[in-house]
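Here is the structure we will look at, set down as structure tokens.
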Amino acid sequence: MKHSAINDPFEQARIEQGYGEISDQDDPVTMMLRLKDVRKCALNWQTFQSGAVPGRIVVPSEVSIRSTRQIPFEVDPPLHKDYRELLEPWFKRPLQSEYQQQLDQQISVLVESVLNGDPVEVIEDFALVLQSRALTLLLNIPFAESELWISWGTHVFRSEGQALDGDKANILYDYIDAQIDKALAKPGDDLYSMLLASEVNGKKLSKEEIKGVIILTFSGGRDTVINAVSNTIAYFSDHPESLQRLRDEPQIRNRAIEEFVRYFSPLTHMGRVATEDTQVCEHAIKADSRISLCWASANRDATVFENPNEVVLDRKMNPHVGFGFSHHNCLGATHARQILSTLINVLCDKVQSIDFIDGEENIEHWDEFKRKVGYHRLNVRFNPQ
Ligand code: EMZ
């Protein structure tokens, strides 16, 4: 098997019963594994809510390290829609040409810096750097701020050997509190200032609400973007012919991006909390228990995707749920797609091939399901054009 392959540990359970049962900190989760069921449950927010106790819909649960509600992620309709309408235009800024030029500049400089023939550790020295620098554009704050975020490592709530790291989370919370106060004292053109000046339902946003939006902006697009970027690099190291094909056929690059998101599924799943006794796949779900919508499994559902375990660069029908589904679909998806598109353009322009040296896989353990989501470490060499 190619080293960049991402396995599908859910296949048997998906076909045989449609769900999987896992434990998480004494709060079990029933995972929905078929695309149709994942969509159905995502749409049914009345029965499967996001607005539970903050942190509970995340698996592993963050209830013990977080009390701030992430917005709009942990809010249900109708209020969800009001927050979303406020945020949507800001998070669509990656469609503007100035934003795209700045991102192109950032990624070009980064790729050029790794073309000197030395081995590169992709996770810390490439993907994390790329993600942090690009985040300065999304927040619209000075580039130099990215240095601090890079020093925080790949996940803001987790650290090596620790699924949940409360001390690390506190560093982020204190930082965000200070940034909100700074923007309050001296408003600028950044996301903090935009939120401070905004109203939802005729009421100014509170500091706690703003903090909820910003925590999500920092954490939701961190390890996910790092996984997407590093899996893309690993894929090209395994498949030089694919890099060549994308160079020759720029018109299929957007399809390739969707296919990478489907195949890599950078976020395995996201939870919901049942508001009433119900059932899924003839399996009873008790009120106040958790389910999860397993994007990674749904994206390999053979009843929807032909050859689901293959990367088909120009896959035509690709209704993947790699960015979630329905009203909670990923707010940062425009930014993420723009990152992947720019990365592919720059690699096609500047890189001939990528040599895999070695890697340490990042395997998530969900009881019997063991899923590779990316790498802890990935050493490669970039060969210039
Ligand atoms: C939450 C989540 C959002 C959570 C789209 O995902 O991302 C996770 O990485 C965080 O730990 O708090 O933001």
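Below is a table of values for the structure above.
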{"quantity": "Size of charge dipole - the chain - debye, nearest 20, with Cβ of Lys, Arg +1 and Asp, Glu -1, no other charges", "calculated": "920 debye"}
{"quantity": "Distance between segment 209-242 and segment 268-318 - C-alpha centres, whole angstrom", "calculated": "21 Å"}
{"quantity": "Overall form of segment 237-309 per C-alpha gyration tensor (a/c, 1.5; a/b vs b/c)", "calculated": "prolate"}
{"quantity": "Residue (of SER230, SER289, HIS269) at the positive-pole extreme of segment 206-303, dipole from beta-carbon charges", "calculated": "SER230"}
{"quantity": "Burial ranking of peptide ranges 278-291, 65-78 (average Cβ count within 10 Å, highest at the top)", "calculated": "65-78, 278-291"}
{"quantity": "Simple Cβ-charge dipole of segment 1-64, Lys/Arg +1 and Asp/Glu -1, about Cα centre, in debye nearest 20", "calculated": "400 debye"}
{"quantity": "Segment 50-149, relative contact order in percent, only Cα pairs under 8 angstrom and at least six apart counted", "calculated": "17 percent"}
{"quantity": "Cα pair distances of the chain binned at 20 Å [whole percent]", "calculated": "28, 60, 12"}
{"quantity": "Segment 137-226, relative contact order [Cα under 8 Å, separation at least 6], %", "calculated": "30 percent"}
{"quantity": "Neighbourhood charge, 15 Å Cβ-Cβ cut-off, centred on PRO54 and excluding it, Lys, Arg +1 and Asp, Glu -1", "calculated": "0"}
{"quantity": "Estimated inter-spin distance, SER206 and ASP314, nm [label 7 Å along Cα→Cβ]", "calculated": "5.4 nm"}
{"quantity": "Binned Cα-Cα distances of segment 182-233, short to long, each 5 Å bin given as a whole percent", "calculated": "5, 18, 20, 19, 13, 10, 9, 6, 2, 0"}
{"quantity": "Principal axis box of segment 64-139, alpha-carbon based, largest edge first, Å", "calculated": "54, 38, 14"}
{"quantity": "P(r) of segment 1-71 over all Cα-Cα pairs, binned every 5 Å from zero, in whole percent", "calculated": "3, 13, 17, 20, 20, 14, 8, 4, 1"}
{"quantity": "Cα-based equivalent ellipsoid of segment 158-213: semi-axis lengths in Å, sorted from largest, via gyration tensor", "calculated": "27, 13, 8"}
{"quantity": "Within the accessible area of the chain (1.4 Å probe), percent carbon and sulfur", "calculated": "50 percent"}
{"quantity": "When each of LYS81/LYS204; LYS92/LYS316; LYS2/LYS372; LYS40/LYS286; LYS168/LYS204 is checked by Cα-Cα distance, pairs over 21 Å", "calculated": "LYS92/LYS316; LYS168/LYS204"}
{"quantity": "Segment 172-244, accessible area per residue, ligands and nucleic acids excluded (1.4 Å, Å²)", "calculated": "38 Å²"}
{"quantity": "Counting DSSP beta bridges with both ends in the chain, the antiparallel % (nearest 5)", "calculated": "85 percent"}
{"quantity": "Pairwise Cα inverse-distance average, inverted: Kirkwood Rh of segment 122-263 (Å)", "calculated": "17.2 Å"}
{"quantity": "Directionally averaged shadow of segment 36-190, computed from the convex hull of its alpha-carbon atoms, nm²", "calculated": "12.4 nm²"}
{"quantity": "The chain - mean residue ellipticity at 222 nm from DSSP helices (-39,500 (n - 2.57) per run, n ≥ 4, rounded to 500)", "calculated": "-13000 deg cm²/dmol"}
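The values are calculated or read from the model by the stated rules, or taken from the named source; none is laboratory data. Computed from a prediction, not measured in an experiment: that's the story for all the values here. Cβ: placed from backbone, ideal geometry, glycine included. Neighbour counts: every protein chain shown. Accessible surface is based on the protein model in full, side chains and every heavy atom, while ligands, DNA and RNA are left aside. Shrake-Rupley method; radii C 1.70, N 1.55, O 1.52, S 1.80 Å.
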